Structures are given as structure tokens and as C-alpha cells.
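See below for the structure under consideration.
The values are calculated or read from the model by the stated rules, or taken from the named source; none is laboratory data. Keep in mind that what you see is a predicted model, and the values were worked out from it rather than measured. Positions of Cβ are generated from backbone atoms using ideal geometry, with glycine treated the same way; all protein chains shown enter the neighbour counts. Ligands, DNA and RNA are excluded from the accessible area calculation, which covers all protein heavy atoms including side chains. Shrake-Rupley method; radii C 1.70, N 1.55, O 1.52, S 1.80 Å.
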Amino acid sequence: MKVRLMFKTIVFISSFILLFISCDEKQKQDAAEIIEKNTSISELSIYNLPSTWTTQNNKSIELKELQGDVLVMVMIYTSCKAACPRLVADMRSIEASIPEEKKTNVSFVLISIDPETDTPARLKKFAIENNMDTEKWLFLRGSETDTREFAAVLAVNYKKISPMDFSHSNIISVFNQKGELVHQKEGLGVNNAETVDKIIELAH
Amino acid sequence: MNPTFKIVFTFVICSALINHIAAQSESMTIIKGGTYIPLYGIDSTTVTVNSFLMDVYPVTNRDYLIFVEKFPRWNRSNVKRLFADENYLINWERKDAFGNRLLPNTPVTNVSWFAAKKYCDCLGKRLPTVDEWEYAAMADEISPDAREKKSYNQHILEWYETPKSFKNTIGSTFVNYWGVSDLHGLVWEWTFDFNSVLISGESRKDVDKDSNLFCGSAAVGATDLMNYAAFMRYAFRGSIDANYTGNSLGFRCVKNIEIE
């Protein structure tokens, strides 16, 4: 009994030591957070997400590097035979409808919901096959968790239904220069005029 | 901030948190893997769930307070709207105290998916998948799959009709076959892939794969009450966003079993 009590006391004391260490760290972290707060990222901005992604060119990228661009985003997977080709076609048609002079600050981003299969090499191949291998187009893959998190932000639902197939929502989303969601269009082959108008309105 | 520092901070703070909630992390129990047929799969295919560890109890207000103290960015005043709506921890007395309105050992509610996920991450755990949660939750006191028992379903449906059960303390419902408490009867719980549910409806037009979930076929035409209770959960998951918080929605964490 005594031994147990002593053990408990030791645990108790050591947890206090840990508490102090962590308080110290906490203050540093708070200071860092105050600095962070002074930047222009708003509460609803996707640039609050800390996730790191890999592009079709095997380059590591953080979302906030895209800050300042209007983003047109969609979640797809490259082995998809049904909905994705049409979503990709919609993206290309949107891209084609934006006047050249407006395109400078617009990025078209396709995020894979199947990061396991969609390696950078595979994304690259997909980009080339679909004539989307220019710097306007960004293909991203991340960890399973970050992908799930990003889908949660976009309100995109998806589920792996077989080793090769996913069932997923078909949503194209537009973000403004600050990373705030400003427009979403759901469906396949729907009229994209509204989406195009929104992008033109935002891009300078 | 330098990303390396960030990682170091997170690590230090997380490990401190692990120590503080050591008592809680100890109370996990093994759910032995197996196969089951979920409420709706593709053509009633069976789903395989691997063995995993699950928290015996939902995360309490007391547990969550420690987390908020360690991570001030997750307190009510600092949390970003992207990650939690305006009802986040709304029943707490202050941003850093739940006060006298709530008991320490009641399940924490009004937490978003982002917050729940972060909490589990920090303890080296994760949120359960829908399949893991449903698999563990189909047990009653004595059998791993009680879904066809009338008593099991009645218990769940009675709870669905009971208001404010989130004010009850953890451990106040039944301990199931696996040793997990309160899966039914206290609060609804977040799952990692809650957004894997595709419902056709006013906001979801993917009618292809999951149309059997919507309206008639699954719920009303169901063979028994079992589907109705589960249908309610799937429908609820499909209806919420990741920053949603509500006073009947809490969470618990799970952990993979390390293979040595």
C-alpha cells in the first residue's frame, strides 16, 4: 500500500513538472499565435489548414502558398470512369470561358480523393492526357487524413466502395484571394455560367 | 513560425497532454475485428473491420478542459469559424472552464469534427471510422451483434426519444460485450469519415450508389427496427458539416493495435 502511495506521489509530482514545461511552451505558442492573428487570414479561410500536399510535379506545397489567387477546386480520382471525366470536362470548360487577361490570378486545382493510387507520377500522366499540364492546373495529393479534412471543408462527401471505385459528391468550389469559399456548384454537366461569372468578378 | 518549431511545440504539448489524460487513455478496450454487414453497403457486401482499441467512455468535459488549457487555440474565444461554428462549447461557463453548469464527468458536447479529431490526434489516437463505430456499437451486454434483438433496438430507440441525455454522467448506460460503455444512450458521436455518407436530397444529388439510404427503401421498408435506428445515425451523419457543433453530439477516440 505504502509503495503504491509513493508511486502515486511520484507520478503526481512528475506530472507537475510536465505541466510547467508545457506551460512554458504554451506561452511561446501563444506568442506565435498572436503574430499569426495579425496576418490577413480570416477565420473562414482555408489557409488556416496546415496540411502539406504534393503536386503533379512532385513538389511539396502548402495551401497558403496559393494565397492571392482565385481558386477553382474539385475533388476527383484519376481511375474514375464515370463522374470524374465529366467533372474534369466541366473544369476545362470553365477554364476556357475565362478571358486570358483575367487568368493570371486564377488557379485550377484538382485534389485526389484516392491518394493511395494517385501518385504524383499518375497525376502528371493524367494532366498530360487531358491537356492540363500547364501551370494553370494544379493536381494535389495529400495524406488520407488531410484529404478527408479538406473534403470536410468543401462539404464533399466520399466513400471508397471498392478497391477501384469511390462514390463522391460532384462539387466545383470557388475560393477568393483570401481563401474564403464564395461559390459552389453541384452536379455534372450543369450550367457553369454562374461559376464563370463569379471567377471573372473576383479576378482582377 | 518555423514549421520545425511548430512540430516540436506540438510534440511537447501533446506529450504533456498524454500524461495528464493517462488515466483516460488507459481505459481503452480491445474490439476484436471481424466482418459485418452495415445498414447499407453496396449490394449488402460485408465489411471487414480490423481489431482496434476503443475508449471505454466518451470524452468528458473534464478531459476536454485539459485539452483546451493546453491548446488555447481550441478554446471558445480563439477557435476559428472554419473549424467550429458559433455553438462551440456554448454551454461552458467561460472559455477556459465549464463551470457549475456541467458536471466534469459528463460527455463533452458542442464540439466540432475538427476539434474532436485534433483532440484524438494529440493523444496519439484517432476518431473511429463509421464502420468501426457501427461494428463496436452493434453489441449489447452479452453478444457482439445484438442487432436482431428486440431489446437492443428498443433501448436505442427509447434513447432517441429521451431529451437531454447528454447531461447524464459517463458510465450511466450499459457496458457492452467488448467492455465499451455509453455507445447508445448518452450522446451521438463523431466519426472520422462521417462525410462518407452520400444521401440524395436537396443538397446531395449523387443518386447512383446510395439511393437505398434515402427515404423509403431503407427506413420504412426495413425488415425490422434495427435498420431504423442505424438509419437515423447515417442520416444524421450525412446531414452535418465538419464545423457543426450540437449539444447531443460528442465523441470518443480509438487507436490501432500496434503489431510488434
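Residues to consider are A:Phe139, A:Phe108; find the one that is touching a Pro at 6+ places or on another chain (Cβ under 9 Å) and more than 14 Å from chain B (Cβ to nearest Cβ).
A:Phe139
Among the residues of segment A:82-112 satisfying the criterion of being closer than 14 Å to A:Asn130 by Cβ and of a type in the set (D, E, K, R), which is modelled with the lowest pLDDT?
Residue satisfying both the conditions and the ranking: A:Arg86.
Residues in segment A:104-121: is at least one in a helix (DSSP H, G or I) and open to solvent by 40 Å² or more (accessible area, probe 1.4 Å)?
The answer is yes; a qualifying residue exists.
What residue, among those in segment B:178-200 that are open to solvent by 10 Å² or more (accessible area, probe 1.4 Å) and within 14 Å of chain A (Cβ to nearest Cβ), is modelled with the highest pLDDT?
By that ranking, first place goes to B:Phe192.
Check A:Asp118, A:Asp133, A:Asp146 and return the single one that is closer than 13 Å to A:Tyr77 by Cα and assigned by TED's automatic domain parsing to the domain that holds A:His168.
Just one listed residue meets the conditions, A:Asp118.
Give me a count of the residues in segment B:226-239 that are within 14 Å of another protein chain (Cβ to nearest Cβ) and either within 13 Å of the chain's Cα centre (by Cα) or of a type in the set (Ser, Thr, Tyr) (or both).
Count: 4.
So how many residues does segment A:183-200 have that are more than 14 Å from chain B (Cβ to nearest Cβ), among the β-branched types (Val, Ile, Thr) and outside any helix (DSSP H, G or I)?
Result for segment A:183-200: 0.
Say we look at segment A:154-175 and pick out the residues that are open to solvent by 20 Å² or more (accessible area, probe 1.4 Å) and touching a helix residue (DSSP H, G or I) at 6+ places or on another chain (Cβ under 6 Å); which of these is modelled with the lowest pLDDT?
A:Ile161
Could you list all residues from segment B:47-69 that are farther than 22 Å from B:Glu141 by Cα and open to solvent by less than 10 Å² (accessible area, probe 1.4 Å)?
Across segment B:47-69, the qualifying residues are B:Thr60, B:Asn61, B:Tyr64, B:Phe67, B:Val68.
Go through (1) among the hydrophobic types (A, V, I, L, M, F, W, C); (2) within 12 Å of another protein chain (Cβ to nearest Cβ); (3) part of a loop (DSSP other than H, G, I, E, B) for A:Val153 and report which single condition fails.
(3)
Which of the residues that make up segment A:122-136 are open to solvent by 10 Å² or more (accessible area, probe 1.4 Å) and not in a loop (DSSP other than H, G, I, E, B)?
A:Arg122, A:Lys124, A:Lys125, A:Phe126, A:Ile128, A:Glu129
Of all residues in segment B:90-112, count the ones that are away from chain A (no Cβ under 14 Å) and more than 22 Å from B:Gly171 (Cα to Cα).
Here the count works out to 4.
For segment B:93-115, state whether one or more residues are out of contact with any helix residue (DSSP H, G or I) (no Cβ under 9 Å at 6 or more places or on another chain) and among the hydrophobic types (A, V, I, L, M, F, W, C).
No: segment B:93-115 contains no residue that is out of contact with any helix residue (DSSP H, G or I) (no Cβ under 9 Å at 6 or more places or on another chain) and among the hydrophobic types (A, V, I, L, M, F, W, C).
Scan (1) more than 18 Å from A:Asn48 (Cα to Cα); (2) within 12 Å of chain B (Cβ to nearest Cβ); (3) open to solvent by 10 Å² or more (accessible area, probe 1.4 Å); (4) modelled with pLDDT under 90 for the single condition A:Glu144 breaks and write down its number.
Against the list (1) more than 18 Å from A:Asn48 (Cα to Cα); (2) within 12 Å of chain B (Cβ to nearest Cβ); (3) open to solvent by 10 Å² or more (accessible area, probe 1.4 Å); (4) modelled with pLDDT under 90, A:Glu144 comes up short only on (4).
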